[in-house]
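Taking it in order: structure first as structure tokens, then the write-up.
The values are calculated or read from the model by the stated rules, or taken from the named source; none is laboratory data. What you see is a predicted model, and the numbers here were worked out from it, not measured in a lab. Here the Cβ is made from the backbone with ideal geometry for all residues, glycine too, and neighbour counts use every protein chain on show.
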């Protein structure tokens, strides 16, 4: 079989341009609606700090994605153990010298910029699991392999839970499970462990913080505390429902511009209600179609990857994308408890944006080195 080495323009043209266009569209939508979520009204003309900060993070994230796309993903897989260990070290450091914001220790100040190591832990876990499960000496159907993979997920899970950040910690588990399934792990083992987790879930109530318990109780009964714990969920549901078919128009969302949906959360975890109120069912549907298209691009790359490691890497990043979109939109429309998970490529957030685009760059690296091609 002839193998071509792609360099220069050929490497550039070999990128997954459909995925790039979809990601660019989502990033553009994010900037537009972060601007809207920061808008103080026509009478003031004031825009908050969220919008200019997001531009900076998109630029940094875009540069990261570009660098990773043009680097052979095998380089990162070979060093995945060190990357994983470094991220665990940063997660431990957060608990010691981390910056406290809203009662949680999640950030480190690095060169004057706030960095959230838990966001990079997700990508590090995908890398180390992809290398482990693709190893020729590992038997994916072995129960010990399943336990080993879950142990790798458990270390960052516990550290992130201590911050506390239950939402980010919980995302690690379905990602590990989906990667195990893609690697060929026994469905019986996965279902057995899943059933055990469900059976033990009630015990988790006793390790949750007070605010986390309140979120669950408010989810079960939003009218329980409508002016405090239930406020964001209720205003989010009102924003989504009031958008109608075509929305109220850009910068005209009442829940957003008038501040009923707090500006501390509207540009981040609750950006979807901002978009849904201003663009309606049509705009929200287009957003979901864009995510579905990007997810299909990731899965196509996983299917056509040159080797199992590349396939598992793309599968892991696809799992991250799906989990975040599912949980974020689910919580903003009242189907899931509020967890504080942002919407990929759309929500404001520095570390989250950079880690999401880093994952995008890794999938691009797998794509250009897919079957019948070698870089």
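Considering only the range 221-236, state which residues are in a helix (DSSP H, G or I) and modelled with pLDDT under 80.
Passing the criteria: 222, 223, 224.
Is one or more of the residues making up the range 124-145 out of contact with any helix residue (DSSP H, G or I) (no Cβ under 7 Å at 6 or more places or on another chain) and part of a helix (DSSP H, G or I)?
Going through the range 124-145, the residues out of contact with any helix residue (DSSP H, G or I) (no Cβ under 7 Å at 6 or more places or on another chain) turn out to be 135-137, 141-142, 144-145.
Checking the rest, the ones that are also part of a helix (DSSP H, G or I) come to 144-145.
Scanning the range 124-145 turns up at least one residue that is out of contact with any helix residue (DSSP H, G or I) (no Cβ under 7 Å at 6 or more places or on another chain) and part of a helix (DSSP H, G or I).
Quick test for you: out of 310, 330, pick the one residue that is buried (at least 20 other Cβ atoms within 10 Å of the Cβ) and in a helix (DSSP H, G or I).
Values: 330 fails: buried (at least 20 other Cβ atoms within 10 Å of the Cβ).
Unique residue meeting the criteria: 310.
Among the residues that make up the range 192-201, is at least one of them surrounded by 17 or more Cβ atoms within 10 Å (Cβ to Cβ), in a helix (DSSP H, G or I) and under 23 Å from the mean Cα position of the chain (by Cα)?
No, that holds for no residue.
So how many residues does the range 179-188 have that are crowded, with 19+ Cβ neighbours inside 10 Å and part of a helix (DSSP H, G or I)?
Filtering the range 179-188 down to residues crowded, with 19+ Cβ neighbours inside 10 Å leaves 179-180, 182-183, 185.
Of the ones still in play, those that are also part of a helix (DSSP H, G or I) are 179-180, 182-183.
Of the residues in the range 179-188, 4 are crowded, with 19+ Cβ neighbours inside 10 Å and part of a helix (DSSP H, G or I).
Which one of 322, 260 is touching a residue at least 24 places away in the same chain (Cβ under 8 Å) and closer than 25 Å to residue 101 by Cβ? Explain how you work it out, then say what you get.
Details: 322 fails: closer than 25 Å to residue 101 by Cβ.
Checking each option against the conditions leaves just 260.
Residue 131 - would you say it is buried (at least 18 other Cβ atoms within 10 Å of the Cβ), over 18 Å from the mean Cα position of the chain (by Cα) and touching a residue at least 40 places away in the same chain (Cβ under 8 Å)? Break it down stepwise before answering.
Details: buried (at least 18 other Cβ atoms within 10 Å of the Cβ): yes; over 18 Å from the mean Cα position of the chain (by Cα): yes; touching a residue at least 40 places away in the same chain (Cβ under 8 Å): yes.
Judged against the criteria, residue 131 is a match.
Which of the residues that make up the range 93-119 are exposed (fewer than 14 other Cβ atoms within 10 Å of the Cβ) and in contact with a helix residue (DSSP H, G or I) (Cβ under 6 Å, 6 or more places away or on another chain)?
Result: no residue meets the conditions.
Of the residues 319, 323, which is surrounded by fewer than 23 Cβ atoms within 10 Å (Cβ to Cβ) and in contact with a helix residue (DSSP H, G or I) (Cβ under 6 Å, 6 or more places away or on another chain)? Let's see the steps before the verdict.
Values: 319 fails: surrounded by fewer than 23 Cβ atoms within 10 Å (Cβ to Cβ).
Within the list 319, 323, the selection yields 323.
Can you tell which of 174, 164 is at pLDDT below 90 and under 18 Å from the mean Cα position of the chain (by Cα)? Give the steps one after another, and end with the answer.
Values: 174 fails: at pLDDT below 90.
Step by step, each of 174, 164 is checked, and only 164 is at pLDDT below 90 and under 18 Å from the mean Cα position of the chain (by Cα).
Please tell me if residue 301 is over 16 Å from the mean Cα position of the chain (by Cα), buried (at least 24 other Cβ atoms within 10 Å of the Cβ) and touching a residue at least 24 places away in the same chain (Cβ under 8 Å).
Numbers: over 16 Å from the mean Cα position of the chain (by Cα): yes; buried (at least 24 other Cβ atoms within 10 Å of the Cβ): yes; touching a residue at least 24 places away in the same chain (Cβ under 8 Å): yes.
So residue 301 fits the description; yes.
Tell me, please, whether a residue that is part of a loop (DSSP other than H, G, I, E, B), within 22 Å of residue 348 (Cβ to Cβ), in contact with a strand residue (DSSP E or B) (Cβ under 9 Å, 6 or more places away or on another chain) and at pLDDT below 95 can be found in the range 267-286.
First, pick out the residues of the range 267-286 that are part of a loop (DSSP other than H, G, I, E, B): 267-270.
After this cut, where a residue has to be within 22 Å of residue 348 (Cβ to Cβ) as well, the list is 267-270.
From the residues that got through so far, the ones that are in contact with a strand residue (DSSP E or B) (Cβ under 9 Å, 6 or more places away or on another chain) too are none.
Checked against the condition, which is being part of a loop (DSSP other than H, G, I, E, B), within 22 Å of residue 348 (Cβ to Cβ), in contact with a strand residue (DSSP E or B) (Cβ under 9 Å, 6 or more places away or on another chain) and at pLDDT below 95, the range 267-286 yields no hits at all.
Considering (1) assigned to a helix (DSSP H, G or I); (2) under 29 Å from residue 281 (Cα atoms); (3) touching a residue at least 40 places away in the same chain (Cβ under 8 Å); (4) out of contact with any strand residue (DSSP E or B) (no Cβ under 9 Å at 6 or more places or on another chain), say which one residue 168 fails and leave the rest.
It is condition (4) that residue 168 fails.
Within the range 69-110, which residues are assigned to a helix (DSSP H, G or I), under 19 Å from the mean Cα position of the chain (by Cα) and either over 30 Å from residue 164 (Cβ atoms) or modelled with pLDDT under 90 (or both)?
Once the filter is applied, which keeps residues that are assigned to a helix (DSSP H, G or I), under 19 Å from the mean Cα position of the chain (by Cα) and either over 30 Å from residue 164 (Cβ atoms) or modelled with pLDDT under 90 (or both), the range 69-110 yields only 69.
Quick one: count up the residues across the range 341-375 that are more than 11 Å from the chain's Cα centre (by Cα), at pLDDT below 95 and farther than 15 Å from residue 59 by Cβ.
Counting residues in the range 341-375 that are more than 11 Å from the chain's Cα centre (by Cα), at pLDDT below 95 and farther than 15 Å from residue 59 by Cβ gives 8.
Would you check if residue 181 is without any contact (Cβ under 8 Å) to a residue 12 or more places away in the chain, over 28 Å from residue 215 (Cβ atoms) and touching a helix residue (DSSP H, G or I) at 6+ places or on another chain (Cβ under 9 Å)? Walk me through how you get there before you give the answer.
On the way: without any contact (Cβ under 8 Å) to a residue 12 or more places away in the chain: yes; over 28 Å from residue 215 (Cβ atoms): yes; touching a helix residue (DSSP H, G or I) at 6+ places or on another chain (Cβ under 9 Å): yes.
When the stated conditions are applied, residue 181 passes them.
Could you list all residues from the range 250-279 that are crowded, with 17+ Cβ neighbours inside 10 Å and more than 20 Å from residue 331 (Cβ to Cβ)?
Correct list: 257 only.
Condition test on residue 21, is it assigned to a helix (DSSP H, G or I), farther than 30 Å from residue 260 by Cβ and modelled with pLDDT of 90 or more?
The answer is yes for residue 21.
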